[in-house]
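Comments concern the structure below.
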Amino acid sequence: GGANVGTVRTMKTRRTKLPVPKPQNADNGLWSLLYKNIGKDLSKVSMPVTINEPLNMLQRLCEELEYSELIDKAAETKDAMERMVHIAAFAVSGYASSYYRAGHKPFNPLLGETYECIREDKGFRFIAEQVQHHPPISACFVEGQSFTFWQDIRMKTKFWGKSMEIMPVGLVHLQVADSHYVWNKVTTCVHNLFSNNQRWADQYGEMKIEDINHKITCKLTFVKASYWSDKKHEVYGSVLDAAGNSVHHLMGKWTEGIYCGPVASTARCVWRPGQMPEDYELYYGFSRYAMQLNELDPDEADKLPITDTRFRPDQRLLENGDIAAAEAAKAALEQHQRERRKKREERGEEYYPQWFRKVFDAKGEENWVYNSRYWETREKIGFKKYKFPEKLW
Ligand code: PIF
């Protein structure tokens, strides 16, 4: 059943900008830091806060739902082949924001950090938790009026000197109408890593979206940019029926939009990204939707658990432009986390996340599923009375 997100709070006007523009800081020493750690697993190196944007990985997962109206459209579509067209556009739409965001990385959430997002206007509620620290794993679960969406994400990274490849591991799940979709994510490559102004991101590889209930698949190719071709940001592919016949062709760019049709000249537009806000360059390249994600609504604050990212001090300090304090707070939080880990190890305790649990699928792959307690606890007990096993800050 769909989530009853409408009754949770009354609609507010959300902020349109961050409190201050990003401070202009000089060289952040990223090059010497990476050079010192050559050959090491970079996820185990503490990075300077200046390469972060004031959003974390949990909020980035929520950002993938910016164009959730495509799922609502799919839900109204009776024809399962046509429904796949909207879902494919949705899967591509999650990459649009990355075009403006290559300059920074999201915060790495602390183990046990959570993030909720209630969007009565979009008709969904989102919950995510950092379920593992090394290697980092973020899990999320979303209930919409017409759908259920979940994923857990883990990255493999490859450092190439001037660039870095990020290969997400794990699958995205989406249930809409009588379809259950599963798909993988493509590789992200951040180029010109050491040039603060010329860093750019590419997305490439094959994405396979399956409607397991109807045996319909959509194969999409994200074309790798190259010096010799002008095929930057291109995506193409087709929707195949159970017999493997191609029924719809898809083409476009993850930065500009997706079109469907037998031939390009008559293709119809399925999705186009929204306009960027004024002065977005000054605000980390955030879209309107991204600007809202870390907003702390004073009327909602006492309903949130203390583990919610909106209370994380270093991220808030960065958002407010206080770099020195953010840097110090990040170091202190990380140190505190190391001490908690050490204590658990000394006691021989295993760590269990609060809202997700690990299950193994038929192929023996690890999956993180929502235990359905978060919203129930929020409504019935309230997080003020809920006892968290550890204090994150
Ligand atoms: C810290 O995370 P950082 C380290 O993990 C550190 O080892 C740990 O201490 P511990 C700290 O507690 C952590 O806070 C390091 C690393 C994190 C990711 C996944 O935030 C990749 O300081 C995300 O960062 C990239 O970051 C996604 O890994 C991009 O968060 C879309 O690997 C990196 C840096 C990647 C550089 C990319 C530059 C792009 C501009 O003692 O507990 O181990």
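The values are calculated or read from the model by the stated rules, or taken from the named source; none is laboratory data. Model, not experiment: these values are computed from the prediction. Protein only, heavy atoms only, side chains kept; ligands, DNA and RNA dropped before computing areas. Shrake-Rupley method; radii C 1.70, N 1.55, O 1.52, S 1.80 Å.
Tabulated results
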{"item": "Relative contact order computed over the chain (Cα-Cα under 8 Å; 6+ residues apart), in percent", "result": "17"}
{"item": "DSSP beta bridges in the range 5-301 [antiparallel fraction, %, rounded to 5]", "result": "95"}
{"item": "Listed residues W160, W375 arranged by accessible area, highest first, probe 1.4 Å", "result": "W160, W375"}
{"item": "Accessible surface of F356 - all protein chains present, 1.4 Å probe, nearest 10 Å²", "result": "0"}
{"item": "The range 5-301: radius of gyration over Cα atoms, expressed as a fraction of 2.2 N^0.38 Å", "result": "1.01"}
{"item": "Heavy-atom surface of the range 294-393, accessible at 1.4 Å and reported per residue (Å²)", "result": "61"}
{"item": "Percent carbon-and-sulfur accessible area, the range 5-301, ignoring ligands, DNA and RNA, probe 1.4 Å", "result": "53"}
{"item": "Euclidean distance of C-alpha centroids, the range 36-64 and the range 338-393, integer Å", "result": "22"}
{"item": "Compactness relative to 2.2 N^0.38 Å, alpha carbon Rg of the range 313-380", "result": "1.60"}
